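The values are calculated or read from the model by the stated rules, or taken from the named source; none is laboratory data. Every value quoted in this text rests on a predicted model; they were computed, and no experiment measured them. A quick note on method: Cβ atoms are made from the backbone with ideal geometry, for glycine too, and the neighbour counts reach across all protein chains shown.
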Amino acid sequence: MYTEKNNEKFRNALKTVNWKEILTETDDANKMYEVFIDKVSRIFRENYPEVKKSRRGTKDKNWITKGIKVSSTKKNKLYKKWIKTRNDADGKI
């Protein structure tokens, strides 16, 4: 979750790292890059933990109105009924 609180914690964690000490351990640019990416990634995972969203929360978009939800539920019920019987009359309102 990218909340202002998590953003602030992330920025503060990056500020507290002694980059000069970490990046001067070696002269190899590839090794320094690996150390840098590893450190930033670790700080990122600590400050932005994975959060499982509910199914409902991931389905609802701003443009989906209550009327659309009602219509979609009705359509799904009619379809399920039609699947069982294969009668054309069951798929109509």
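This table checks each residue for (1) more than 19 Å from Tyr2 (Cα to Cα); (2) at pLDDT 90 or above; (3) in contact with a Lys or Arg (Cβ under 6 Å, 6 or more places away or on another chain).
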residue: Ala13; (1), (2), (3): no, yes, no
residue: Trp19; (1), (2), (3): yes, no, no
residue: Ile22; (1), (2), (3): yes, no, no
residue: Glu25; (1), (2), (3): yes, no, no
residue: Glu46; (1), (2), (3): no, yes, no
residue: Ser71; (1), (2), (3): yes, yes, no
residue: Lys74; (1), (2), (3): yes, yes, no
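Filtered by the rule that a residue be in contact (Cβ under 8 Å) with a residue 12 or more places away in the chain and closer than 30 Å to Ser54 by Cβ, segment 8-30 gives Lys9, Phe10, Ala13. Scanning segment 31-89 for residues that are in contact (Cβ under 8 Å) with a residue 40 or more places away in the chain and either among the hydrophobic types (A, V, I, L, M, F, W, C) or more than 30 Å from Ala13 (Cα to Cα) (or both) turns up just one, Val51.
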